[in-house]
1. Can you pull the percent of the stretch 1-127's accessible area that's carbon plus sulfur, 1.4 Å probe, other chains left in place?
2. With label points built 7 Å along Cα→Cβ from the Cα atoms of C11 and T93, find their separation and express it in nm.
3. Over the chain, what is the relative contact order in whole percent, taking alpha-carbon pairs under 8 Å and six or more residues apart?
4. Extending each Cα 7 Å along its Cβ direction at D185 and S101, get the distance between those two points in nm, one decimal.
5. Counting pairs of alpha carbon atoms under 8 Å apart in space and at least six apart in sequence, what relative contact order in percent does the stretch 12-87 give?
6. Using a Förster distance of 30 angstrom, determine the FRET efficiency expected from the C-beta separation of T152 and R205, and round it to 0.05.
7. Assign one of three labels to the stretch 110-241, namely rounded, prolate or oblate, based on the Cα gyration tensor with a ≥ b ≥ c the square roots of its eigenvalues; rounded applies when a/c is under 1.5, prolate when it is not and a/b is larger than b/c, and oblate otherwise.
8. Just how large is the dipole of the chain about the Cα centre, in debye to the nearest 20, putting +1 at every Lys and Arg Cβ and -1 at every Asp and Glu Cβ?
Amino acid sequence: MPLSLPGPSLCASWETLADGLQVQRLVLHLPQMREQLLAPSSSVALFAQTPPSALAACPAPLAEPSAEAVIDQAGLQHWLGVPAEYGTAGAGTNPLAASASQVADTLLGGVTDPVVRAAVAAVCAASAWWTGAFAVIRHLGVHHTTLQPVDTAITLNTLQSATSIVALGTAQRILAEQLRTASADEAVRMAYCRVITESIVVESRLPELLDELGELRLVDLVSTSIPWRGRFTKYAGGTGAGQVE
């Protein structure tokens, strides 16, 4: 009898759910984000450091068009598509972009394949937009554990740390897919080893960072981005977040 193809793993299924959750939340809160971009509140401390329009600045388009197929294969079409559609044009440089770019540079040392390089760089750059977009409406959200309105400030340094972790997670998905489906060379294998190592290193920092982020959407974005022991715990155990949304 012919053997049937295996279905997606449990982790892959949770990952798909998390992807859908991020897109759903962004679309549901587009009106609030647009209001903040047009008329930022002077009471939001973060906006005194950087304008919300910069946090939601549209990332640069793909440098290598053929990298789009690699991104699609990793299931990250939405990761670039949503920022391209809803990002603000002519808003300058996203202050979180440098953190995302640093992750890409760290991982891609020695990698010469232009398609892989472009794909990793693109998803990392998009990570800065996703973090920034949710940061723009953070003060309108609720705390991830109490579900009470957020009334604490957040610093740019905290958002930069969050961006680095989200970029690590999306880069890992690109590199893992390359190892599964393509004849990846040794440089790509080493890049994958680096991203795994970096993920292990940042895991000890995650609980503290999630407390600093506080707000539900940002916490979910960061906590589901990389593999760690608490990645899908909240979803597996049930959450009141859906009622809030």
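The values are calculated or read from the model by the stated rules, or taken from the named source; none is laboratory data. Because the structure is predicted, anything quoted here is derived from the model rather than measured. Using ideal geometry, Cβ is built from the backbone for each residue, glycine included, and neighbour counts are taken over all protein chains shown. SASA here: full protein model, heavy atoms, side chains in, ligands and nucleic acids out. Shrake-Rupley method; radii C 1.70, N 1.55, O 1.52, S 1.80 Å.
1. Values: 4090 of 6730 Å².
In the stretch 1-127, the share of accessible area belonging to carbon and sulfur is 61 percent.
2. 3.5
3. On the way: 305 pairs, mean separation 53.4, N = 245.
Averaging sequence separation for qualifying contacts and normalising by length gives 22 percent for the chain.
4. In this crude label model, D185 to S101 measures out at 2.5 nm.
5. Details: 22 pairs, mean separation 22.0, N = 76.
Worked out over the stretch 12-87, it gives 29 percent.
6. On the way: r = 19 Å, r/R0 = 0.62.
Efficiency for this residue pair is about 0.95.
7. prolate
8. 200
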